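To start, the structure under review is shown below, and the notes come after it.
Nothing in this text is a laboratory measurement; each read-out follows from the coordinates by a stated rule. Keep in mind that what you see is a predicted model, and the values were worked out from it rather than measured. Because the Cβ atoms are built from the backbone with ideal geometry, glycine has one as well, and the counts that use them run over all protein chains shown.
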Amino acid sequence: MSNLEKMIEKINHSAIAGTIWVDGSFLTEKLNPDDADIVFVISRDAYRAMTVPQRQFWQWYKQNDFYDSHRVHNHWAILDPQDASGEYVYAYWLRQFGFSRGDKIKGIASVSVPHVVRS
């Protein structure tokens, strides 16, 4: 859980507007899951509105594998509701994260970013 939290905080700190979908053995009844899978989903508008530091973070996130350092398989998606390819990308990730290996429908945990934590 702490590695997943660290990864989400890195994404949150980028201040890129989007949603993180969480999947993997982390969301099952498995005791002591050893990893998590995430996909960082943003809209085409959010992509176009990125600042230079946000674009640098986005490139860094896309080009790196965080499994060894955080035990997180990281993925990304840009959705454009104006484009049919956006529906395809959404359907692809919904299929990957929304169904079990036995093809049973399951929920998807999602975290909206950026979020502010207040004490």
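Taking the Cα centre of the chain as origin and charging only Cβ (+1 Lys, Arg; -1 Asp, Glu), how large is the dipole, in debye to the nearest 20?
For this selection, approximately 180 debye.
What distance in nm separates the two pseudo spin-label positions at Asn32 and Lys10, each 7 Å out from Cα along the beta-carbon direction?
2.5 nm
How high is the FRET efficiency from Ser25 to Gln82, r the C-beta distance, R0 41 Å, rounded to 0.05?
The calculated FRET efficiency here is 0.70.
Between Lys106 and Gln59, take the C-beta separation as r, use R0 = 35 Å, and let me know the FRET efficiency to the nearest 0.05.
The value I calculate is 0.65.
How would you rank 8-14, 36-42, 104-110, highest first, on the average number of other Cβ atoms within 10 Å across their residues?
Going from most to least packed, we get 36-42, 8-14, 104-110.
Could you please report the charge total around Arg44, scoring K, R as +1 and D, E as -1 over all other residues with beta-carbon less than 15 angstrom from its beta-carbon?
-2
Taking K and R as +1 and D and E as -1, what net charge do the other residues with C-beta under 12 Å from the C-beta of Pro81 add up to?
-3
Could you work out [θ]222 nm for the chain from helices alone, using -39500 (n - 2.57) per DSSP H run of at least four and dividing by all its residues? Round to the nearest 500 deg cm²/dmol.
Rounded to the nearest 500, it is -11500 deg cm²/dmol.
Once Rh is set to the Kirkwood radius over Cα pairs, what Stokes-Einstein translational diffusion coefficient, in µm²/s, holds for segment 1-91 at a temperature of 37 °C and a viscosity of 0.692 mPa s?
235 µm²/s
Give me the percent of DSSP beta bridges within the chain that run antiparallel, rounded to the nearest 5.
So the antiparallel bridges amount to about 60 percent of the total.
Could you grab the relative contact order for the chain? Cα pairs under 8 Å, six or more apart, rounded to a whole percent.
35 percent
His70: net charge of surrounding residues, Cβ under 14 Å, Lys/Arg +1, Asp/Glu -1, itself excluded?
Here the charged neighbours net out to -4.
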